[in-house]
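For reference, the structure is listed below as structure tokens.
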Amino acid sequence: MSTRIIAIDPGYERLGIAIIDKESGDKKERLIYSDCFKTSAKLAFVTRLAQIGRELERLIDEYQPTALAIETLFFTNNQKTAMRVSEARGVIIYTMASRGFTVHEYTPLQIKSATTGHGKSDKKQVIAMVTRLIDIGKEVTHDDEYDAIAIGLTCIASEYRR
């Protein structure tokens, strides 16, 4: 039995995306796809949201994931950014849920704990562990992409380990 997770580090300017596959009986997960999807600040916000939805639909059609793993929103002092990211999360969750996919949400603390064993780990520690846990096979230039991979690994470890 195969589990294929699309994992997303939500944003509206940059979206970390990873698709991770876990075959029953395999010891390790396989990274099928990862990227940092970007939208242009020159576009209207609603256009950017539409681009996110279209990209997600394209990835669903191409890779046929079985579930979504997404990070919960970590509120910062910038309320405008938090609101915009929450709207992007809404597009992402709606797109998956409307197609009948299971949606798994994880806090930053859960993701750090699952990948490094410690909820107070910093970004460098998470990245170091992600590269040990799964073969990425390419250069990753944005933390958002590593974060998406970490979210996917968290989901498989939390929901699909047997």
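The values are calculated or read from the model by the stated rules, or taken from the named source; none is laboratory data. Computed from a predicted structure; not experimentally measured. Note: ideal-geometry Cβ built from the backbone for every residue, glycine included; neighbour counts use all protein chains shown.
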Check on E139, closer than 23 Å to T39 by Cα, out of contact with any helix residue (DSSP H, G or I) (no Cβ under 8 Å at 6 or more places or on another chain) and surrounded by fewer than 17 Cβ atoms within 10 Å (Cβ to Cβ): yes
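Quick one: which of E62, E87, E55 is under 14 Å from the mean Cα position of the chain (by Cα) and either outside any strand (DSSP E or B) or free of Cβ contacts under 8 Å to residues at least 60 places away in the same chain (or both)? Even if it seems obvious, please write down each step before you answer.
Numbers: E62 fails: under 14 Å from the mean Cα position of the chain (by Cα); E87 fails: under 14 Å from the mean Cα position of the chain (by Cα).
Result of the check over E62, E87, E55: E55.
Which residue is modelled with the lowest pLDDT, if the candidates are limited to region 13-30 and must be buried (at least 20 other Cβ atoms within 10 Å of the Cβ) and in a strand (DSSP E or B)? Write out each step before concluding.
Here is the first cut: in region 13-30, the residues buried (at least 20 other Cβ atoms within 10 Å of the Cβ) are 15-20, 22, 29.
From what is left, the residues that are in a strand (DSSP E or B) are 15-20, 22.
Numbers: L15: 95, G16: 96, I17: 98, A18: 97, I19: 98, I20: 97, K22: 89.
Across region 13-30, the extreme among qualifying residues is K22.
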A69 vs. criteria closer than 29 Å to L133 by Cα, surrounded by 13 or more Cβ atoms within 10 Å (Cβ to Cβ) and in contact with a strand residue (DSSP E or B) (Cβ under 6 Å, 6 or more places away or on another chain): yes
Identity of the residue in region 1-12, touching a residue at least 24 places away in the same chain (Cβ under 8 Å) and assigned to a loop (DSSP other than H, G, I, E, B), that ends up surrounded by the most Cβ atoms within 10 Å (Cβ to Cβ): P10
Region 151-162, subset of a type in the set (A, V, I, L, M, F, W, C) and over 18 Å from I92 (Cα atoms), residue modelled with the highest pLDDT: L153
Filter result for E105 (in a helix (DSSP H, G or I), farther than 15 Å from I149 by Cβ, acidic (D, E) and touching a residue at least 12 places away in the same chain (Cβ under 8 Å)): no
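Among the candidates L73, L56, single out the residue that is in contact with a helix residue (DSSP H, G or I) (Cβ under 8 Å, 6 or more places away or on another chain), of a type outside the set (G, A, S) and within 14 Å of I17 (Cα to Cα). Before you say what the answer is, go through the steps one by one.
Details: L73 fails: within 14 Å of I17 (Cα to Cα).
Result: L56 is the single residue among L73, L56 that is in contact with a helix residue (DSSP H, G or I) (Cβ under 8 Å, 6 or more places away or on another chain), of a type outside the set (G, A, S) and within 14 Å of I17 (Cα to Cα).
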Any hit, region 70-77, residues being closer than 22 Å to T3 by Cα and free of Cβ contacts under 8 Å to residues at least 24 places away in the same chain: no
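Please count how many residues of region 73-120 are surrounded by 15 or more Cβ atoms within 10 Å (Cβ to Cβ) and not acidic (D, E). Reasoning before the result, please.
Applying the first criterion (surrounded by 15 or more Cβ atoms within 10 Å (Cβ to Cβ)) to region 73-120 yields 73, 84-85, 87-89, 91-93, 95-96, 101, 104-106, 108, 110-116.
Next, only the ones that are not acidic (D, E) stay: 73, 84-85, 88-89, 91-93, 95-96, 101, 104, 106, 108, 110-116.
Count: 21.
Quick one: which residue in T131, T107 is under 16 Å from G16 (Cα atoms), polar (S, T, N, Q) and under 13 Å from the mean Cα position of the chain (by Cα)?
Details: T131 fails: under 13 Å from the mean Cα position of the chain (by Cα).
It is T107.
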